[in-house]
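Just below is one structure, and these are the notes that go with it.
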Amino acid sequence: MVDGAPSRLVVLAGPTAVGKGTVSADVRAHHPEVWISVSATTRAPRPGEVDGVHYWFVSDEEFDRMVAEDELLEWAVVHKAARYGTPRKPVEEALAAGRPAMLEIDLQGARQVRQTMPGALFVFLAPPSWEELVRRLVGRGTESEEERERRLETARVELAAESEFDVTIVNREVHDAAEQLVTLMTLGIPSDTPMSEEA
Ligand code: 5GP
């Protein structure tokens, strides 16, 4: 981190299957100085996921309590399946301690943070192309035609949200995207250099 650079909250969002989780895992692996929020979720852990590391795995009742007691900075139902939310206090503590802090959340959550923390930096992670996103979304080919169509429609709507963001990073190569993100967190947006590679 550059001396004297302000610590700032960065919100990373983007369409489903663009690779937000992989990019944030790369930041976690290479940049211990960056604090990454651990979300609470009502979904069950996948094999290898550790409570308190990948998520806080909580019951529906516990999630209800966190919402009622205003412990979450934002929360949303994702993929019509489970609730996910950002515990507020650790974010505030990281920022107060001067650490660069990052949230990796869905678009609904990013919009809520935009309302409550307008000073945050909103980063949209974009796929290299529409074709590549389709490949990542339906690549396994195990979904029904109806499910495939539903996912593609969601992706179209999600991609249209790019203009709501401060800056776009194109996820061509995971480590490269992660490094661009960390540079943004520590140095801010270069005034004369658009981050989008197309520009
Ligand atoms: P997964 O279940 O695959 O780990 O995550 C599913 C989705 O939930 C991803 O798009 C991820 O960005 C989103 N997500 C994870 N944590 C949060 C959170 O705290 N808030 C919101 N709004 N979305 C989240």
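For ALA25, the criteria (1) farther than 23 Å from MET117 by Cα; (2) within 13 Å of the ligand (Cβ to nearest atom); (3) open to solvent by 50 Å² or more (accessible area, probe 1.4 Å) hold in every case but one, which is (3). All told, ALA161 falls short of being touching a residue at least 24 places away in the same chain (Cβ under 8 Å), of a type outside the set (D, E, K, R) and in contact with a Gly (Cβ under 8 Å, 6 or more places away or on another chain).
Based on this model, can you work out whether VAL58 counts as more than 9 Å from the ligand (Cβ to nearest atom), within 23 Å of ARG172 (Cα to Cα) and buried (at least 17 other Cβ atoms within 10 Å of the Cβ)? It is false that VAL58 is more than 9 Å from the ligand (Cβ to nearest atom), within 23 Å of ARG172 (Cα to Cα) and buried (at least 17 other Cβ atoms within 10 Å of the Cβ). For residues that are of a type in the set (A, V, I, L, M) and over 26 Å from PHE124 (Cβ atoms), scanning just segment 28-52, find the one that is farthest from the ligand (Cβ to nearest atom). Across segment 28-52, the extreme among qualifying residues is VAL50. The one condition from (1) within 16 Å of the ligand (Cβ to nearest atom); (2) closer than 23 Å to LEU181 by Cβ that THR154 does not meet is (2).
Only residues that are hydrophobic (A, V, I, L, M, F, W, C) and at pLDDT below 95 were counted across segment 51-67, and they come to 1.
All told, LEU73 meets the bar of being modelled with pLDDT of 95 or more, more than 23 Å from LEU133 (Cα to Cα) and within 9 Å of the ligand (Cβ to nearest atom).
For segment 153-188, filtered to residues that are more than 27 Å from HIS30 (Cβ to Cβ) and among the hydrophobic types (A, V, I, L, M, F, W, C), the residue that is most open to solvent (accessible area, probe 1.4 Å) is VAL157.
Condition test on SER24, is it farther than 14 Å from VAL182 by Cα, out of contact with any Lys or Arg (no Cβ under 9 Å at 6 or more places or on another chain) and among the hydroxyl-bearing types (Ser, Thr, Tyr)? Outline the logic, then answer.
Details: farther than 14 Å from VAL182 by Cα: no; out of contact with any Lys or Arg (no Cβ under 9 Å at 6 or more places or on another chain): yes; among the hydroxyl-bearing types (Ser, Thr, Tyr): yes.
No: the conditions fail for SER24.
Looking at segment 136-148, can you tell me whether even one residue there is more than 14 Å from the ligand (Cβ to nearest atom), of a type outside the set (Ser, Thr, Tyr) and within 17 Å of ASN171 (Cβ to Cβ)? Yes, that holds for at least one residue.
The values are calculated or read from the model by the stated rules, or taken from the named source; none is laboratory data. Please read all numbers here as calculations on a predicted model, not as lab measurements. A quick note on method: Cβ atoms are made from the backbone with ideal geometry, for glycine too, and the neighbour counts reach across all protein chains shown. Just so you know, the surface numbers come from the protein's heavy atoms only, side chains and all, with ligands and any DNA or RNA stripped out. Shrake-Rupley method; radii C 1.70, N 1.55, O 1.52, S 1.80 Å.
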